[in-house]
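All remarks here apply to the structure that follows.
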Amino acid sequence: MDFELTEDQRMIREMAKRFADEEIIPFARENDVMERFPIDILKKMAPLGFLGGPIPEEYGGAGLDFISDAIVFEEIGRGCSSVRTIVSVQVSLVELSILHWGTEEQKRRFLPLLCKGEILGAFAITEPEAGSDAASIKTSAVRKGDGWVLNGSKTWISTGDVADIIVIFAQTDPSKGHKGITAFIVEKGIPGFTTREIKGKLGLRSADTAQLFFEECPIPDSALLGDVGEGFKIAMSSLDNGRYGVAAGCVGIIQGCIDACVKYAQERHQFGKPIASFQLVQDMIARMYVDRDAARLLVYRAGDLKNRGIRNTLETSIAKYFASEAAVRAATDAIQVHGAYGYSNEYPVERYLRDAKVATIYEGTSQIQKLIIGEQILGIKAFE
């Protein structure tokens, strides 16, 4: 494996780094405190191609390879995980799902608008009683005439309150279990569809999160994404892409912790010398650095497989598990390096910790990732 980035990938990193430094980081603290959705940042991001990363140019995307896509997520995650979450949902979960499973009409209708940021997308599978157990969803879609009627609810849906279209999963044949789940593209404004924003989150405070409610919602047959009964397969393949974006974003959190700690440790003096000279401070920063490199290489390994069209569920789960847990470790140590100052939002490290924690929960908890890894090692499912 070649560990050197190509010239194009280096240019992508420089462009994404500059954008994060100039357009994301200066506003991250205030957006977090005010719980303000960063629509202005998204509008500035779209012309650079970041909202259409790996989508082919013929559909309005930037045609990036998956290593370049990870680089973008990493730099955005270094700046603000709320922004990274929005972009990851838009690109990894919505756009790639439509690209891989949509009809040609759906691709040409939705992808250019999504890539330009003219519309926002959401991905809705989680329900009040169906989190890790995605196969147990209760939202139903019943055939009626030449369309469907949707009933049920979803929760913890990123960008759900502001999205223009939502990739939603519903049970169309309960007798078939997970093989009866079907995916649909639901557009905002249909009768019977309402949303409610979720407030009071620990982290990701400027990333919209919502509950969705469907009451006798009529949706046309053209809203089908893939075939009837393919929903669970679509969801699992889409989560491989979503987890990849989460993992790359967590590499960015670790890098942000390193940057903040190096600067602070060199400037902060105790006992007549900079705390950077203290062995235990160096120990914490050294561990962050090692974790960053390890997480980044795991992400790149998964990205290399994606570039070559090779199934990467195991490698992506490993990357997501390790990177998310490492981001929590790095942020915890970063607060310790900053002492009392790290406990306030005067410095970014407390936000890094709050934002990192959710990465061990959403798009498959760390425990679910370990079960996926364990199944591959042992050849036995922990549950059916």
| field | Enumeration of residues in the stretch 98-130 that are within 15 Å of I181 (Cα to Cα) and either among the polar types (S, T, N, Q) or in contact (Cβ under 8 Å) with a residue 24 or more places away in the chain (or both) | value | W101, F123, A124, I125, T126, E127
| query | Any residue at all in the stretch 278-294 that is in a helix (DSSP H, G or I), of a type in the set (S, T, Y) and buried (at least 18 other Cβ atoms within 10 Å of the Cβ)? | reply | no
| field | Restricting the stretch 323-356 to residues that are of a type in the set (A, V, I, L, M) and over 18 Å from G249 (Cβ atoms), the residue that is surrounded by the most Cβ atoms within 10 Å (Cβ to Cβ) | value | V337
| Odd one out for L202, checked against (1) aliphatic (A, V, I, L, M); (2) assigned by TED's automatic domain parsing to the domain that holds P128; (3) closer than 20 Å to W101 by Cβ | (3)
| Wholly within the stretch 66-182, which strands (runs of 3 or more DSSP E) include no fewer than the required count, namely at least 1 residues that are within 30 Å of E23 (Cα to Cα), out of contact with any Phe, Trp or Tyr (no Cβ under 9 Å at 6 or more places or on another chain) and of a type outside the set (S, T, N, Q)? | 121-124
| said: Going by what's in this entry, would D146 be described as at negative phi, surrounded by fewer than 17 Cβ atoms within 10 Å (Cβ to Cβ), acidic (D, E) and touching a Leu at 6+ places or on another chain (Cβ under 9 Å)? | reply: no
| message | If V337 satisfies all but one of (1) in contact with a Leu (Cβ under 7 Å, 6 or more places away or on another chain); (2) over 18 Å from C80 (Cα atoms), what's the number of the condition it fails? | response | (1)
| Taking G245, is it in the same structural domain as Y352 (by TED's automatic domain parsing) and at positive phi? | no
| remark: Going through the stretch 199-222 in order, the residues found to be farther than 21 Å from E35 by Cβ and either of a type outside the set (V, I, T) or in a loop (DSSP other than H, G, I, E, B) (or both) are F213, F214, E215, E216, C217, P218, P220, D221, S222
| task | Could you please tell me which pairs satisfy a Cβ distance under 7 Å, a separation of 6+ or placement on different chains, a first residue in the stretch 346-372 that is small (G, A, S), and a second residue that is part of a loop (DSSP other than H, G, I, E, B)? | result | S366/T360
| note | Restricting the stretch 183-198 to residues that are part of a strand (DSSP E or B) and β-branched (V, I, T), the one surrounded by the fewest Cβ atoms within 10 Å (Cβ to Cβ) turns out to be T194
| field | Criterion: assigned to a helix (DSSP H, G or I) and either crowded, with 20+ Cβ neighbours inside 10 Å or among the β-branched types (V, I, T) (or both) - qualifying residue of F27, F19 | value | F19
| said: Let me confirm something: among K320, K370, K381, which residue is buried (at least 17 other Cβ atoms within 10 Å of the Cβ) and either touching a Leu at 6+ places or on another chain (Cβ under 9 Å) or not assigned by TED's automatic domain parsing to the domain that holds L202 (or both)? | reply: K320
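The values are calculated or read from the model by the stated rules, or taken from the named source; none is laboratory data. Computed from a predicted structure; not experimentally measured. Cβ: placed from backbone, ideal geometry, glycine included. Neighbour counts: every protein chain shown.
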